[in-house]
1. Using every Cα-Cα pair within the chain, state what percent have a distance larger than 19 Å.
2. Given Cα pairs under 8 Å that are at least 6 residues apart, what percent is the relative contact order of region 64-135?
3. How much area per residue is accessible in region 53-113 when the probe is 1.4 Å and only protein heavy atoms are counted (Å²)?
4. When only Cα pairs under 8 Å and 6 or more residues apart are kept, what is the percent relative contact order across the chain?
5. Percent of accessible area on the chain owned by carbon and sulfur, 1.4 Å probe?
6. Taking a 29 Å limit on the Cα-Cα distance, which of the listed pairs Lys79/Lys133; Lys69/Lys127; Lys69/Lys95; Lys2/Lys131; Lys11/Lys127; Lys12/Lys133 fall beyond it?
7. If we count every other residue with Cβ under 10 angstrom of Ala63's Cβ, Lys/Arg +1 and Asp/Glu -1, where does the sum land?
8. I need the shape label for region 70-135. Rule: rounded when a/c is under 1.5, else prolate if a/b > b/c, else oblate, with a, b, c from the alpha carbon gyration tensor.
Amino acid sequence: MKNKPSLIEFKKIGSSSLGFISVAEFESQVPFPINRVYWTYFTPNEIQRGFHAHKELCQVIVAVSGNIKLTVVNQNEEKELFILDTPSIGLYIPKMYWREISFSHNAVLLCLASEVYNENDYIRDYKTFLKFKND
Ligand code: TYD
């Protein structure tokens, strides 16, 4: 699996006159088996979420509605900003990336996750994240 965040372009099946369907399948589009799906919505404009990294979890994030700005940071404090503003694009985030996320009010963030929820997989303190060594 790649160890850098990267955009995934999902196929758009359909047409602008009929509407579209996009599909995320393990292996052909998503590089890990999906064990959990969650979505967030109604996040006020002025609120930023995230502020954590994951020790093992990988994710693909899609703005199925609205737009989402996602800043990802690695342990060398190299930052990258991704703007998700179309439902046919996903962002793959490997483990061990700090993320900070802001949303348009109508944004729905869909997350495909490699693991079920486990609070012990979170690193919620930035300094701990920078120092953390994953064996
Ligand atoms: P968190 O992952 O911190 O969300 P964000 O980074 O978007 O702010 O989760 C927020 C809360 O929701 C936290 O109390 C844990 C809970 N939660 C679950 O119970 N299950 C889940 O699958 C997720 C993603 C969160």
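The values are calculated or read from the model by the stated rules, or taken from the named source; none is laboratory data. As the structure is a computational prediction, the values presented were derived from the model and not from experiment. Ideal geometry is used to build each Cβ from the backbone, glycine not excepted, and the neighbour counts take in all protein chains shown. Ligands, DNA and RNA are stripped out before the accessible areas are found, and what is left, the full protein with its side chains, is counted by its heavy atoms. Shrake-Rupley method; radii C 1.70, N 1.55, O 1.52, S 1.80 Å.
1. Numbers: 4566 of 9045 pairs.
Tail of the P(r) past 19 Å holds 50 percent of the pairs.
2. Values: 90 pairs, mean separation 26.8, N = 72.
Relative contact order for region 64-135 comes out at 37 percent.
3. On the way: 2250 Å² over 61 residues.
Here the per-residue accessible area is 37 Å².
4. Working: 303 pairs, mean separation 46.3, N = 135.
Normalised by residue count, the contact order of the chain is 34 percent.
5. Details: 4210 of 8170 Å².
Roughly 51 percent, rounded to a whole number.
6. Violating the 29 Å Cα-Cα cut-off are Lys11/Lys127; Lys12/Lys133.
7. 0
8. Details: a/c = 2.08, a/b = 1.53, b/c = 1.36.
In terms of gyration-tensor shape, prolate.
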